[in-house]
Structures are given as structure tokens and as C-alpha cells.
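A.B. asks: Right, I'll just put the structure down here and ask away after.
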Amino acid sequence: MGIRVEVTTDRRFGTNSYLIEDDRTHDAVVIDANLEPDLVIALARERGANVRAILLTHTDLDHIAGLHELLEAFGEIPVAVHDAEREVVAEGKPLRREFGPIATKIDGVSSLVEGESYRAGSLEFEVLHTPGHSPGGVTLKIDGYLFTGDALFAGSIGRSDFANSDGPALIEGIRSKLLSQGDEMIVHSGHGPATTIGRERRMNPFLT
Ligand SMILES: [Zn+2]
């Protein structure tokens, strides 16, 4: 199975939305819904991708802002999120005490469960719970790729200064679930460029 990964980035927060497509079947998912959903919608149309689900690494505003537009474009496909942050997308409950509520109410929310796989058409993702930046932060693994959201970045890690953050849990999750992966695993983060697990294990100043 050949997996194709493309990234779009919004100009306001520099948040990445990914299109992951099975080259053979053209089944696809979008990971995270940044503030310029039109970019990933255009990309999916251009490629003739059949987007089967939207997967969320977590529910900070810049990762879910484009949800309604994505659902309008792709139809009523499932939106998958960890149960710890389900109410944010299902009921518009604020993720952060520091910020106000978000006008998001999505039907058809499904669960990303640690240690289980999530299937969308011909694509199958492994779910790794990597909390700490937020309680329901997950990393999604498929083939040689890890989509780490705001847990791990090239040369950095996610913020853990929010009321519901947990710095030690963030580091522990990165060490046990991500740095334990092979050197050659490609890391696609919620912000910034791609990197590899090998590079981060050697060079990331927050982890060495
Ligand atoms: Zn973010």
C-alpha cells in the first residue's frame, strides 16, 4: 500500500492540515482542520481523493476551526477524536479554561482509542495517546509516518503551561510512545516542518 502525504498550512497560526491518501484506492483522511480548510479541500479535489474521515490530534481552536467547512465539502463523514476531548467537538465545550467556548457542534463524532486502530476506508491508523499538551492529545501512526499534533515538533515540544496541560506526562508520552519508534519514522507535526524520530532523539533540546 502506498501512502501519499500532503500538507497545507494556514497563514494565521501556521497550523498544518494533512491529506493522507491511499495511492491505490484513493481513500483518504484529513488530519486536523486548520483555519484555511479551503486549501486541503482544493488539494483533495485536485487529486480525486475520497475523504472518508477527519482525524483530530487534539482540539485547540487552530486544529478544529475548519471542521464545519470540511464537513460541508466532504459530506457527513466521521470526525474522530480522543474521548477526553470529545465534548469540545460534540458540544462546543471549551478545551481551555483560558479561552472562551467554540461554536462547534458536530454529530457523528467517533473515538480514537489508545492502542486500537482506526480504520477509514482502506487506511488504517494506529492510535497512540500522547497527552500533556492537552488531555486527549493523540499521535496517529500509519506506515512510516507519525502525525504528532502539538506533542512533538521538529526541535521542540508542545506547550504545557495551560491549566489542563501536564508537562511530565507530555515528556513521558513522547519518550515511551514516540522515541521508542524507529529512527527513520517520519514525524509530521501540528506546526512547522517534518522531521524524523532519529533526529529528534539526537537533537531535540527538550528531550536530550
Ligand atoms: Zn496547535
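The values are calculated or read from the model by the stated rules, or taken from the named source; none is laboratory data. Just so it is clear, the model here is predicted, and its values are computed rather than measured. Cβ: placed from backbone, ideal geometry, glycine included. Neighbour counts: every protein chain shown. Quick note on the areas: whole protein, heavy atoms, side chains included, nothing else; ligands and nucleic acids left out. Shrake-Rupley method; radii C 1.70, N 1.55, O 1.52, S 1.80 Å.
A.B. asks: Restricting to region 50-99, count the residues that are surrounded by 22 or more Cβ atoms within 10 Å (Cβ to Cβ) and under 21 Å from Glu126 (Cβ atoms).
C.D. replies: Residues that pass the stated criteria total 14.
A.B. asks: Shifting gears a bit: For region 123-140, give me each residue that is open to solvent by 30 Å² or more (accessible area, probe 1.4 Å) and within 17 Å of Arg52 (Cα to Cα).
C.D. replies: Glu124, Glu126 - these are the residues of region 123-140 that are open to solvent by 30 Å² or more (accessible area, probe 1.4 Å) and within 17 Å of Arg52 (Cα to Cα).
A.B. asks: Same structure, new question: For Ser111, indicate whether it is open to solvent by 60 Å² or more (accessible area, probe 1.4 Å), among the polar types (S, T, N, Q) and over 23 Å from Gly192 (Cα atoms).
C.D. replies: Against the criterion (open to solvent by 60 Å² or more (accessible area, probe 1.4 Å), among the polar types (S, T, N, Q) and over 23 Å from Gly192 (Cα atoms)), Ser111 does not qualify.
A.B. asks: So which residues in region 78-98 are in a loop (DSSP other than H, G, I, E, B) and either closer than 11 Å to Ser134 by Cβ or among the polar types (S, T, N, Q) (or both)?
C.D. replies: Within region 78-98, Leu95, Arg96 qualify.
A.B. asks: Answer with yes or no whether Asp32 is at pLDDT 95 or above, on the phi > 0 side of the Ramachandran plot, in contact with a Ser or Thr (Cβ under 9 Å, 6 or more places away or on another chain) and within 16 Å of the ligand (Cβ to nearest atom).
C.D. replies: Here the answer is yes, as Asp32 does meet what is asked.
Each row is one residue, and each column tells you yes or no for (1) more than 14 Å from the ligand (Cβ to nearest atom); (2) assigned to a loop (DSSP other than H, G, I, E, B); (3) out of contact with any Gly (no Cβ under 6 Å at 6 or more places or on another chain); (4) in contact (Cβ under 8 Å) with a residue 60 or more places away in the chain.
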site	(1), (2), (3), (4)
Asp107	yes, yes, yes, no
Ser110	yes, no, yes, no
Gly115	yes, yes, yes, no
Tyr118	yes, no, yes, yes
Leu140	yes, no, yes, yes
Arg175	yes, no, yes, no
Gly182	yes, yes, yes, no
Gly198	yes, no, yes, no
Pro205	yes, yes, yes, no
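A.B. asks: Separate question: Which residue, of Arg24, Arg52, is more than 14 Å from the ligand (Cβ to nearest atom), in a loop (DSSP other than H, G, I, E, B) and in contact (Cβ under 8 Å) with a residue 24 or more places away in the chain?
C.D. replies: Step by step, each of Arg24, Arg52 is checked, and only Arg24 is more than 14 Å from the ligand (Cβ to nearest atom), in a loop (DSSP other than H, G, I, E, B) and in contact (Cβ under 8 Å) with a residue 24 or more places away in the chain.
A.B. asks: Look at region 150-198 and say how many of its residues are basic (Lys, Arg) and surrounded by 14 or more Cβ atoms within 10 Å (Cβ to Cβ).
C.D. replies: Qualifying residue count for the region: 2.
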